[in-house]
Amino acid sequence: MEVKINRNTKLAGELPAAVRRAAGHLKRDIESVFCETEAPGCQIVLARKELPQEQYRIAVREGKIEIQAADELGFIYGIYAVSKNMLGVHEFWFWNDQEFARKEEICIPEDYLLTSEPFRVKYRGWFVNDEVLLHTWSVGREKEKPWEMAFEALLRCGGNMVIPGTDKNSKMYTKLAGEMGLWVTHHHAEPLGAEMFARAYPQLTASYDLYPDKFHGLWQVAVDAQRGRKIIWNLGFRGQGDRPFWDEDDRYRTDEARGKLMSGLIRKQYDMVKAADADAVCSTNLYGETMELYQKGCLTLPEDVIKIWADNGYGKMVSRRQGNQNPRVCSLPERKEDANGIYYHASFYDLQAANHMTMLPNPPEFIKKELTEVLDRGGDDFWIVNCSNVKPHVYTLDFLAQLWKTGEIDIESHRREYIEKYYGMRGSVSVAERLKEYPDYAVSYGTHEDEHAGEQFTNHVPRMLVNQYMRNHEESCKELLWAINCDTLEGQVRWYREICEKGMASYREYLGKCELTDAELTDRAKTLFEDSILLQAQIHAYCFRGAYEVCKSLAEAFAGNYQRAFYFAGKARKEYLKADSAMRAREHGKWHDFYRNECLADIKQTAWVLEGFMSYVRALGDGPHYYEWQREYLYAEKDRRVMLILNMENHLRDEELFSLMEAALD
C-alpha cells in the first residue's frame, strides 16, 4: 500500500542529538512544500540497522517511511535524502533561492527502496575561509543562520567535515558544526585549533625557542577543550599569520633546521593528542613551504598522519605562488599506501589574480582531470575544499561534491541537471550554454593552463600600478614581478594593458550573450540568473574595462598629459563603481547587505584608490591654484581667455570636474 506524505507527516521516535537539527530541517521542508490539510500523513521513523558507516536505506514498511542506518551521519544523510528525493528540496535550495509550489500530498509506492552508495573519499568537507561576506551578514537577524545553512548544504552534498571559519569564527561556530554531526578540523595555520601565541601573549615574541612551555600550554588547552568531540586534529607549526615561522625567527636559516624543528613539534602535538584519545585521527598540511621541506626529505611525520597536499589556489596540483616566487612543484600524493588527502580551492585569495567573488575561471574538464589524478594517486582519505562565502561558488561546489561521492562525473549531464534543478526547464538550454561558456571567456595572464584571471587580477594589479606610480614612477612595481619581470613601470603597464584589452573585449561579448539570455527568462529563473551568472559576467566586464582605463590613464600620466590621465582615471573609477553597484543590486530579500563587506577583492576600494589618483594627477597638472581645468570645461569659449578674475565660482571637487569633462568629451 502506498504511503502519503503531506503537511501532517511527522518524524517520529527518539532522535539522537546530532540528528535533531536535520529533523528540524525536514519539518521545515515539509511545511514549505505542502499546503494545509485535514488528511492524516504517514510517519517517518528511524530504525537502527547493521549498515556500513554513514550509509542509509530508505524503505516503505507497514505504512511508514523507514530510514535505516547504523550511525548518526547515516541517519542525517537519510533525512536529507528524503527531503531531496521525495520532497524535491535540493542541496543548494537556500543559496539558489529554490521556490516550492505547494502540494496537497506526495504518494510513495509501497515497494520504494533507496540504498545509499559508499563515498569515494573518506573525510570530505569545506573550509569556510576568507568568509568576509558571511562574517557580517545575518538572516532574519540571526547571525548564526548563514553558517547553519552552509553546514546544511555541506551535509546535503555528502560532506562530513568542516573547518567552520577562520580564526575567531572557527571558535565561534565549532559547537554548531558538532551539533549538526560534522567532524571539525583546523586551519593549517592554527595547529590543534589552539589559540594563536601572538593573541594569547601579545607582549611576547612568538618564538618556540624562547617560550616552549607557553606553546605547549596552548596546545594542551586546545586538546583538553576538544576532547571527546569528532575532531580531525591538524598538526603543524607556522608563523603567527598564514606564513612560515622563520619569517619571524631568523635562527632557522636552513631547510634542515626548519624541518627538524617542525618534525619535533608535530611529534609533540601527535603525542598530546594520542594521550587524550588513542584512536584520534591526525593530519598535517603539506602546503607551501611545508611541502617543499617534505619533498626534500627534511620533514619526518608519524606514519598514520594524513598528509594533506594542496593545489595552487587555481585548481592545479602544484605548489602555490607566494609573493613573486612560483616554483610550481608537483603537489600530488606520492604513494598510494600512504594516508593522503588534499586541500582544494573553489575560491582563493592571493592579492594577485585569483577568484573570490566569482567562479573558478578554469573549466570543469580541468578540475576533473586534476582530481581524477589525485584519486589515482591514492588521495582519497581527506578532501577539504575552500568554499569561502558559498554563494558565488555553488556550481563548483556541487561539481566537487559529485567527485567526492563517486570519483566520477559526466560534465554535460551534471551541468544540465544542475541548471534544471535550480533554473527550471524554461530557458535551461540557454542558461546551460552561458554556464558552459564561462571559462571560455576567461583571460590568461601567464603561460600555464591554470593561469586564468579572476576578479583579483583586475583590482589588485591596478592598485599596484597606481600605487607604484605615486610612490616612484621611475621604478618598476616589485609586487608585480610574479606576473611580469620588467625593468620599468611603463613596460608593466603596457603588458597589463594588452591583457586588459583582450579581457575587456572577451567579457563584453560574454556579457552581451548573458543579457540576451536574461531577456528570455522570467520569474525565478530570471532572478537567479541575474544573481549568479549575469552578475559574475558584469563583475568581469566592468572590472576589465576599468583596468583598461587605468592603463590609459597611466600612459597619459607618463607622457605628462595629466588632464587626460585625470579623465581616464575617472572613467575607470566609474566602471568599478558599476561593478560594486551590480553586486549591491542583487541584495534582495534575505540577501540584504550580503555584499556590503566585500573587502578582499574590494572593488569599491579600487574606485577609492582611483579617486586618490585623480587628485594626485590634478595636483600635478592643475595645481597649485586649480583654476585652469575648471575654466576650460565650465566657461564658454568667449569667456575662457578673459582672465580679469581667475574664477568666479568655488573650486570644483574632482568628481564634479570629471562630470564636466565627461559631458564634453564623451
The residue that is nearest to residue 367 (Cα to Cα), considering only those in the range 305-341 that are among the aliphatic types (A, V, I, L, M) and touching a helix residue (DSSP H, G or I) at 6+ places or on another chain (Cβ under 8 Å), is 317
For the range 548-559 the number of residues that are without any contact (Cβ under 8 Å) to a residue 60 or more places away in the chain and of a type in the set (Gly, Ala, Ser) is 1
In the range 35-73, the residues that are under 16 Å from residue 12 (Cβ atoms) and assigned to a loop (DSSP other than H, G, I, E, B): 40, 41, 42, 62, 63
Residues of the range 515-562 that turn out to be open to solvent by less than 30 Å² (accessible area, probe 1.4 Å), among the aliphatic types (A, V, I, L, M) and more than 23 Å from residue 347 (Cα to Cα), as a count: 5
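Could you check how many residues of the range 97-142 are in contact with a helix residue (DSSP H, G or I) (Cβ under 9 Å, 6 or more places away or on another chain) and part of a loop (DSSP other than H, G, I, E, B)? Break it down stepwise before answering.
If we filter the range 97-142 for residues that are in contact with a helix residue (DSSP H, G or I) (Cβ under 9 Å, 6 or more places away or on another chain), which is where we start, we get 97-103, 106, 114, 116-117, 119-121, 124-126, 128, 131, 133-135, 137-140, 142.
Among the residues that remain, those that are also part of a loop (DSSP other than H, G, I, E, B) are: 97-102, 116-117, 119-121, 128, 131, 137-138, 140.
Total satisfying the criteria: 16.
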Suppose we keep only residues that are more than 11 Å from residue 116 (Cβ to Cβ) and in contact with a strand residue (DSSP E or B) (Cβ under 7 Å, 6 or more places away or on another chain) within the range 67-84. Which one would you say is surrounded by the most Cβ atoms within 10 Å (Cβ to Cβ)? 79
Please give the number of the condition residue 500 fails out of (1) in contact with a Cys (Cβ under 8 Å, 6 or more places away or on another chain); (2) on the phi > 0 side of the Ramachandran plot. (2)
Can you find even one residue in the range 43-59 that is over 30 Å from residue 281 (Cα atoms) and open to solvent by 30 Å² or more (accessible area, probe 1.4 Å)? yes
Checked pairs for the range 535-547, first within 18 Å of residue 465 (Cα to Cα) and in contact (Cβ under 8 Å) with a residue 24 or more places away in the chain, second surrounded by 24 or more Cβ atoms within 10 Å (Cβ to Cβ) and among the aromatic types (Phe, Trp, Tyr), C-beta under 7 Å and 6 or more apart or across chains, list as 543/576; 544/507; 546/576
Restricting attention to the range 590-603, which residues are in a helix (DSSP H, G or I) and either surrounded by fewer than 20 Cβ atoms within 10 Å (Cβ to Cβ) or of a type in the set (S, T, N, Q) (or both)? 590, 591
Matching option when the condition is free of Cβ contacts under 8 Å to residues at least 60 places away in the same chain, surrounded by 21 or more Cβ atoms within 10 Å (Cβ to Cβ) and part of a helix (DSSP H, G or I), among 438, 422, 418: 418
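Would you point out the residue of the range 554-589, among those that are among the basic types (Lys, Arg) and not in a loop (DSSP other than H, G, I, E, B), that is farthest from residue 391 (Cα to Cα)? Give the steps one after another, and end with the answer.
If we filter the range 554-589 for residues that are among the basic types (Lys, Arg), which is where we start, we get 564, 571, 573-574, 578, 584, 586.
Filter once more, keeping what is not in a loop (DSSP other than H, G, I, E, B): 564, 571, 573-574, 578, 584.
Working: 564: 40, 571: 30, 573: 26, 574: 26, 578: 20, 584: 14 Å.
Among those residues, the one meeting the criterion is 564.
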If we only count helices (runs of 4 or more DSSP H) wholly inside the range 194-288, which ones have 2 or more residues that are within 22 Å of residue 308 (Cβ to Cβ) and in contact (Cβ under 8 Å) with a residue 40 or more places away in the chain? 212-226, 255-276
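The values are calculated or read from the model by the stated rules, or taken from the named source; none is laboratory data. Keep in mind the model is a prediction, meaning the values are calculated, not measured. Cβ atoms come from the backbone with ideal geometry, glycine included; neighbour counts cover every protein chain shown. When the accessible area is computed, the model is the full protein with side chains, heavy atoms only, and any ligands, DNA or RNA have been set aside. Shrake-Rupley method; radii C 1.70, N 1.55, O 1.52, S 1.80 Å.
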